[in-house]
Amino acid sequence: MGHPVLIAAELQRLLEPAQLVGLDVTWLPTDQPTPAGDFVALVPLLSRWVGGTELKRLPSLKIVANCAVGHDNVDVVAAEMRRVMVTNTPDVLTDATADLAWALILACARHVVPGAALVTSGSWTGWHPELLLGIELRGRTLGLFGAGRIGQAVGRRAVPFGMRIRYTARNARPDFERECGAARVELSRLLRESDVLSLHVPSVPETKGIINADTLRQMKPGAILINTARGDLVREAALAQALEEGRLGGAGLDVYLEEPAVHARLRAAPRTVLLPHIGSATLETRRQMATVAVANVQAVLRGDPPLTPVFG
């Protein structure tokens, strides 16, 4: 009998049997609580909370291999206290998420969603010189709030569009600056100068609610806000108000504060593109995420260091 492991049932079709050798797998459906038992590994999705209560019911647990780039769904402090390793899948979804950020940028800049709705509703009456006028991106400024792997990938994609790149980050990124002509600036300047502001920072106390009524007022009139990072970076009511008042040119969001709920005013706000958290939703990326999560389990159960630990 192999090591008893709990794996999110949604990953079942993404994992090859060969990847599970040596593991006695129990598939865990989304709508069922985490069971008690002698499981030595847990592979959850970001939609499953793993806190002190769950860890207490799993006394043999050695690793929580989160199948996500983040780990907001895991009580890392409780896990560390119980000497349970926590891992994530940080590198495999960079390109998929950057591509989606650009899909949101283009959709907002060119009014793709209302344009498609106009055609499918049968309301389109023909070409008109002022129909759904958007903005050209060449010569505009892309602001990156955060310049980690995904932020830099979004920035690199801006170069062929002829955009200036500005970024705010705790540390300078000299290679990124040389490659893309990016310039590091303070947040206040980033807000003032960005025609498109894309968020790429983690959810930590100093970033939660960073996009609020005050920072939205500092943004350039007509600017576009993009968020593929964390929902709690944005105060949704304040964003809805800025859109209602016409101060922002648009907002493209893939993440929200209380998913799957989305603030009612935001859902009704004009010039929005709202997606259902699909930043990593490519078949290739999801397979890689599942593979990395299981590889972390295999390593820890062999007594080796994990591939991608959240804490060391």
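The values are calculated or read from the model by the stated rules, or taken from the named source; none is laboratory data. This structure is a prediction, so every number in the text was calculated from the model and none was measured. Cβ: placed from backbone, ideal geometry, glycine included. Neighbour counts: every protein chain shown.
For the reader, a short list of remarks on this structure follows.
- All of 55, 6 fail the test of being in a helix (DSSP H, G or I) and either at pLDDT 95 or above or at positive phi (or both), apart from 55.
- Screening the candidates 160, 114 for the property of being under 24 Å from residue 92 (Cα atoms), within 25 Å of the chain's Cα centre (by Cα) and not basic (Lys, Arg) yields one hit, 160.
- Options 86, 77; residue that is in contact (Cβ under 8 Å) with a residue 12 or more places away in the chain and among the hydrophobic types (A, V, I, L, M, F, W, C): 86
- Residue in segment 272-284 that is in contact with a His (Cβ under 9 Å, 6 or more places away or on another chain), at positive phi and not small (Gly, Ala, Ser) present: no
- Being within 21 Å of the chain's Cα centre (by Cα), at negative phi and in a loop (DSSP other than H, G, I, E, B) is a property that holds for residue 45.
- You will find that of 34, 26, the residue that is without any contact (Cβ under 8 Å) to a residue 40 or more places away in the chain, among the polar types (S, T, N, Q) and in a strand (DSSP E or B) is 26 and no other.
- Residues of segment 171-204 classified as modelled with pLDDT of 95 or more and farther than 25 Å from residue 222 by Cβ, total: 9
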